[in-house]
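In what follows, a single structure is set out as structure tokens and then discussed.
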Amino acid sequence: MGFFDLFKGPSAETLAAQQEGEARRADILLALHNGTVPTRVQRRLEGARSGKLPWIATLTPAELIAVRSHGIKPIASVSATCWLHHGWSWTEGHQQGWEMALRRLRDEAVAAGANAVLDVKMRTIRLPVEESMDFTLIGTAVSVADMPPSPEPIVATVPTLEFVKLLEADVVPTGLAVGAAYEWLVDWQGNAARAWMGNIEAKKLSQLWNRVRHRSYFELKKNARSRGNGVLAHIDFSQMFEVEQNERKRYLARHIIVATTVDARPGAPFPHEIKMAVDMHAGATPLTGTNRHHQSYELNDEEGAI
Amino acid sequence: MTSEIPLHAKQRLKGLRSGVHSSGVFTSDFSVNEFLLVRKAGFEPIGLCVGSCVYHVGIQYASWNKNQELDVLSKAMYHSRELALSRMRAEATAMGADGIVGVKLSIKRLEWDEHLLEFIAIGTGVVHGEGHKGFRAHDGGPFTSDLSGQDFWSLLHAGYRPVEMVMGSCVYHVAHRGVLASLGNIGRNVELENFTSAMYEAREIAIDRMQAEAGAAKAEGVVGVDIHEGSHVWKPHVIEFFAIGTAVLPLEQEIAPEKIADPIMVLSVND
């Protein structure tokens, strides 16, 4: 657009595009309110489900081989976002935010006629919007051969190869669980940190950590119970701050754990023997499954209110 | 190791054979594993193909408090990538390649002008060893794919062939929040639906466009999709959602399905 275009009225084409955009935004807002899938997303998912539109998969080609051997068929890319303002608690907002995103992701998977969402990645876009955070989940909805669409598709935060490995071992990854807790400690006596005494345990701070960590693990368990009988915790995020106010020190400890929940049958035999193999992959290999599945907790020193 | 070194290689090791090749030299940016696997898949590299494009990205103003796609910028990001890719493809066509594997698409900012972006597409042109033309794209030109040599081999052994690198872009302005709106939420955790819906709209547009490209390439699906966000030269509230992947079609007779080996599951004991 040139400078002089600014003084011209918008063309008919632009106006039509603007109107379409307005309608689309109104529809998305309505869907968020009603807890449904936006019309346009619904249309895309149904198109992919019926085969009218090409399927979309975040899987690697090596994973497509596993797909072939295990009857897993990619359908569409599904995603969900919850942008949360944490006017009350930053820490607890993580539980709330991921929970909401998870529910929406599952709704999209249902619309796609899926049995599972694989390769679910946790993402956060860092826009400079005060006291808020974006909780986004992106994954690939798949159907499993000879199975009707599930009313409650499972959400697996592991890549497809790991998913297949788990299935073979009679373990089903079922979703995400979050445990979050924080606590403020006011240092009334002014001796919590004991900086002047040489080698000595800062007992109050130890106890603070202990309480906060136990509480977040308790929350994690509570959160996971409805989804499975175990968790594989993959994100462990903790911070402690010292704040000085009116010549009194206060300490904030917060702890967030994010885990993949699994449904495992205890004592199920694993059908494979161990063999030596040469991996032809250059650099990072999908075999070890070390792909980072989130970028939401990259920094361990992020600022924020509680 | 008891494996025999082939005669051809032995002669070269002994210095019996000269290094000068009458048939010319191929260029590639393959790693050793990549090179071996591309050849194992039945292809020979013939040369690096490059396409570049320096693009002046226009200016577009958005209302401060409004969510909207910045279509001028979306088009710029699209057009410039398209130019770089089509130039790379033209080079491949000129050298008679059946396809390009390992395409890397990168964007660089030029230092002296914030509106100038440089787009570079680079990949290795390959031909089928037995002159099979069935691997070409729907328009008879070379296929393009951002898959590495290893992934290329894996894809063929999964029963698919690459057709075209497809992408979708949406540059989006996310509204700012008014001061009054922020005040209302003190002491509560609430969803900012306006922001949530911005993410939904922008992502949906990008995925939609990529899917439309795959449809136009007559593909069955898109593999290795990456959906990410980036801000290149813009103001803090402007982001680009970008979806990219390789559109694929099932192999018909290129590799018979019965020849495809079953995968062996591996539990790595390495960390």
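In which sequence would A:V155, A:V110 go, from the one with the fewest C-beta neighbours within 10 Å to the one with the most? List each step's numbers first, then the result.
Details: A:V155 26, A:V110 18.
By the 10 Å Cβ count, ascending, the order reads A:V110, A:V155.
If you keep only loop residues by DSSP, which trypsin sites (Lys or Arg not before Pro) in segment A:106-204 have at most 16 other Cβ atoms within 10 Å of their Cβ? Walk me through the intermediate numbers first.
Values: sites: A:R106, A:K121, A:R123, A:R126, A:K165, A:R194, A:K203, A:K204; in loops: A:R126, A:R194.
Passing both the DSSP loop test and the Cβ count: A:R126, A:R194.
Can you return the aspartates and glutamates within cross-link range of B:K108? Criterion is Cα-Cα under 17 Å, with same-chain partners fewer than 8 residues away left out.
Within the straight-line limit of under 17 Å, B:K108 reaches these aspartates and glutamates: B:E82, B:E118, B:E229, B:E240.
Can you tell me the length gained on complete extension of the stretch B:V190 to B:H138, counting 0.36 nm per residue apart and subtracting the Cα distance? If you can, show how the numbers build up before the last one.
Numbers: separation 52, 0.36 × 52 = 18.72 nm, distance 4.95 nm.
Extending this stretch completely gives an extra 13.8 nm.
To make sure I understand, if each residue's beta carbon is the centre and we count other beta carbons within 10 Å, what order do B:Y160, B:Y61, B:Y200 fall in, fewest to most?
Values: B:Y160 24, B:Y61 10, B:Y200 29.
Neighbour counts put them in this order, fewest first: B:Y61, B:Y160, B:Y200.
Treat each spin label as a single point 7 Å out from the Cα along the C-beta direction, and report the B:K66 to A:S150 distance in nm.
Result: 4.3 nm between the two label points.
Enter the mean projected area of the convex hull around the alpha-carbon atoms of segment A:171-267, in nm², rounded to one decimal. Can you show the working numbers first?
Details: hull surface 32.0 nm².
If I average the Cα hull's projected area over directions, I get 8.0 nm².
Count charges around A:R225 for me, please; just the other residues with Cβ under 12 Å from its Cβ, Lys/Arg as +1, Asp/Glu as -1. Could you put the intermediate results ahead of the total?
Working: positive: A:K221, A:K222, A:R227; negative: A:E219, A:D263.
Computed value for this residue: +1.
Tell me, what is the percent relative contact order of segment A:15-169, built from C-alpha pairs under 8 Å that lie six or more residues apart? If you can, show how the numbers build up before the last one.
Working: 261 pairs, mean separation 39.5, N = 155.
Contact order relative to length: 25 percent.
Which ordering of A:T157, B:T93 is given by a fewest-first count of other beta-carbon atoms within 10 Å?
Details: A:T157 28, B:T93 15.
Placing the least packed residue first, the sequence is B:T93, A:T157.
Go through segment A:192-270 and name the GluC sites (Glu not before Pro) that are in a DSSP coil and have 16 or fewer other Cβ atoms within 10 Å of their Cβ. Intermediate values should be presented prior to the final figure.
Numbers: sites: A:E201, A:E219, A:E242, A:E244, A:E247; in loops: A:E201, A:E247.
Those satisfying the criteria are A:E201, A:E247.
So how far apart, in nm, are the two label points at B:V54 and B:M95 if each is 7 Å from Cα heading toward Cβ?
Each label point lies 7 Å from its Cα, and together they span 2.4 nm.
Rule-of-thumb check for segment B:23-178: C-alpha Rg over 2.2 N^0.38 Å? Please report the intermediate quantities before stating the final value.
On the way: Rg = 18.7 Å, N = 156, 2.2 N^0.38 = 15.0 Å.
With N residues counted in segment B:23-178, Rg over 2.2 N^0.38 Å equals 1.25.
Could you list the GluC sites (Glu not before Pro) in segment B:128-225 that lie in coil according to DSSP, counting only those with at most 16 other Cβ atoms within 10 Å of their Cβ? Intermediate results must be reported in sequence, preceding the final value.
On the way: sites: B:E130, B:E164, B:E191, B:E193, B:E201, B:E204, B:E213, B:E220; in loops: B:E130, B:E220.
Loop-located and lightly packed - B:E130, B:E220.
Using the Cα gyration tensor of segment B:39-106, with a ≥ b ≥ c the square roots of its eigenvalues, what is the shape: rounded (a/c below 1.5), prolate (a/b larger than b/c) or oblate (neither)?
It comes out prolate by the Cα gyration axes.
First select every other residue whose beta carbon is under 12 angstrom from the beta carbon of B:N67; then total the charges, Lys and Arg +1, Asp and Glu -1. Write out the running numbers ahead of the final one.
Values: positive: A:R24, A:R25, B:K66, B:R177; negative: A:E22, B:E69, B:E193, B:E201.
Surrounding charge for B:N67 is 0.
Can you tell me what the convex hull of the Cα atoms of segment A:1-134 projects to on average, as an area in nm²?
On the way: hull surface 49.9 nm².
With the hull built on Cα positions only, its mean projection is 12.5 nm².
Each label point is 7 Å from the Cα along the Cα-to-Cβ direction; what then is the distance between the points at B:A9 and A:R126, in nm?
The two pseudo-label positions are separated by 4.7 nm.
On average, how many beta carbons from a partner chain sit within 10 Å of the beta carbon of a residue in A:123-129? Spell out each step's value before the answer.
Numbers: counts 4, 1, 11, 4, 11, 3, 9.
Other-chain Cβ atoms within 10 Å of each residue's Cβ, averaged: 6.
The numbers here are math on the coordinates, done by the rules we state, and not lab data. All values derive from a computational prediction rather than experimental measurement. Cβ atoms come from the backbone with ideal geometry, glycine included; neighbour counts cover every protein chain shown.
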